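As structure tokens, the structure follows; a few thoughts come after it.
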Amino acid sequence: MRARLAGLLAVLMLLAGCAREIPSTYIPPEPTATPDSGIDVDLTALSSTMVFAEVYNMLAYPEDYLGKTIRAAGEFAVYEEETGRLYAVVVQDALACCAQGLEFVPAGEPVWPEEFPEPGQTVTVEGTFAMYKQGNFEFCHLVDASMTLAEE
């Protein structure tokens, strides 16, 4: 199911005109937060265009982000699958034409749905970037993630 979801997102990106060829002069990301914050890449401090680009880089070059602490804000989403429930923070680009989801695994064992926001609510998520393999596919996610509701 995850493979289908990943394939569907890739097709949607192509149809929406968001997929672009990556130049061969790719430069790995620099930290976007202060050293004392404990956050290596703070997507909440970037413009919507840069957030979209940075999330794309995370998916295209995951090895550059492994073990880094990431902070992201966007809409909370939940997906039910045969293998379990997946949580994601969905970020939009500047024109809101394309969305990219960043899967996360909540810290602890929060109870669904009592201890989660409603899907579509704006949340901020902080977690450690990691990869996992399911079948023949590798996926990226944030592990041990904390989640807070955005202030209205």
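Residues being open to solvent by 50 Å² or more (accessible area, probe 1.4 Å), closer than 16 Å to Val91 by Cβ and at pLDDT 95 or above: count how many of those fall in the stretch 54-74.
1
Which one of the conditions (1) within 11 Å of the chain's Cα centre (by Cα); (2) touching a residue at least 24 places away in the same chain (Cβ under 8 Å) does Val90 fail to meet, given that it meets all the rest?
The failed condition is (2).
I'd like the full set of residues that are at pLDDT 95 or above and buried (at least 17 other Cβ atoms within 10 Å of the Cβ), limited to the stretch 121-139.
Val123, Thr124, Val125, Glu126, Gly127, Thr128, Phe129, Ala130
The conditions are (1) touching a residue at least 12 places away in the same chain (Cβ under 8 Å); (2) out of contact with any Lys or Arg (no Cβ under 8 Å at 6 or more places or on another chain), and Glu114 fails exactly one of them. Which is it?
All conditions pass for Glu114, except number (1).
Has the stretch 98-107 got at least one residue that is touching a residue at least 24 places away in the same chain (Cβ under 8 Å) and touching a Gly at 6+ places or on another chain (Cβ under 6 Å)?
Within the stretch 98-107, one or more residues are touching a residue at least 24 places away in the same chain (Cβ under 8 Å) and touching a Gly at 6+ places or on another chain (Cβ under 6 Å).
Okay, residues lined up against (1) open to solvent by less than 30 Å² (accessible area, probe 1.4 Å); (2) within 24 Å of Asn57 (Cβ to Cβ); (3) free of Cβ contacts under 8 Å to residues at least 12 places away in the same chain; (4) not in a loop (DSSP other than H, G, I, E, B):
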| site | (1), (2), (3), (4) |
| --- | --- |
| Leu95 | no, yes, yes, no |
| Pro110 | no, no, yes, no |
| Pro119 | no, no, no, no |
| Leu142 | yes, yes, no, yes |
| Ala145 | yes, yes, no, yes |
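The values are calculated or read from the model by the stated rules, or taken from the named source; none is laboratory data. Here the structure is a predicted model, which means the values were calculated and not measured. Backbone-built Cβ (ideal geometry, glycine too); neighbour counts: all protein chains shown. Protein only, heavy atoms only, side chains kept; ligands, DNA and RNA dropped before computing areas. Shrake-Rupley method; radii C 1.70, N 1.55, O 1.52, S 1.80 Å.
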